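The values are calculated or read from the model by the stated rules, or taken from the named source; none is laboratory data. Keep in mind the model is a prediction, meaning the values are calculated, not measured. Heads up, the Cβs are rebuilt from the backbone with ideal geometry, glycines too, and the neighbour counts pull from every protein chain shown.
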Amino acid sequence: EDYRRLDRAMAIRQAHYDYLLPSALGDTLVIGTWLTASDGKLSMERSFQIIRLSDHATVLRGRWTLVCIELSSGRARRMPAEFCQAYEPAVVRAG
């Protein structure tokens, strides 16, 4: 509802995946995701990792570059304040 009210959403602009190991039907996989960058205006970056629970091996690492869009037009638009307030505190910056 908030996305529709604000007429904004984050869309994947670029995606990068590193497939490291296979997984099989029945494997229990754990997926973690975190925000790694945000310019506070138009774009942010989300990273993720998939781990096979049986041996704790990473089977996939990935990264998305996201851009804020206006839902009604599909065009890139500045992030509303509500997005910045929600997303900025969640960004994990490399130390």
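Looking at the range 71-91, which of the residues that are more than 14 Å from LEU6 (Cβ to Cβ) and within 12 Å of the chain's Cα centre (by Cα) is surrounded by the fewest Cβ atoms within 10 Å (Cβ to Cβ)?
Here the residue is ALA90.
Please determine whether any residue of the range 60-70 is over 30 Å from GLU1 (Cβ atoms), surrounded by 16 or more Cβ atoms within 10 Å (Cβ to Cβ) and under 18 Å from the mean Cα position of the chain (by Cα).
Checked the range 60-70: at least one residue is over 30 Å from GLU1 (Cβ atoms), surrounded by 16 or more Cβ atoms within 10 Å (Cβ to Cβ) and under 18 Å from the mean Cα position of the chain (by Cα).
Taking the criterion of being modelled with pLDDT of 95 or more, closer than 23 Å to SER73 by Cα, surrounded by 10 or more Cβ atoms within 10 Å (Cβ to Cβ) and of a type in the set (Asp, Glu), would at least one residue in the range 9-31 satisfy it?
No, every residue in the range 9-31 fails to be modelled with pLDDT of 95 or more, closer than 23 Å to SER73 by Cα, surrounded by 10 or more Cβ atoms within 10 Å (Cβ to Cβ) and of a type in the set (Asp, Glu).
Of everything in the range 13-34, what is under 12 Å from HIS56 (Cα atoms) and not hydroxyl-bearing (Ser, Thr, Tyr)? Give them in sequence order.
Scanning the range 13-34 gives LEU21, ASP27, LEU29, VAL30, ILE31.
When you go through GLY62, GLY32 one by one, which is the residue that is free of Cβ contacts under 8 Å to residues at least 24 places away in the same chain and out of contact with any Leu (no Cβ under 8 Å at 6 or more places or on another chain)?
Exactly one of GLY62, GLY32 is free of Cβ contacts under 8 Å to residues at least 24 places away in the same chain and out of contact with any Leu (no Cβ under 8 Å at 6 or more places or on another chain), namely GLY32.
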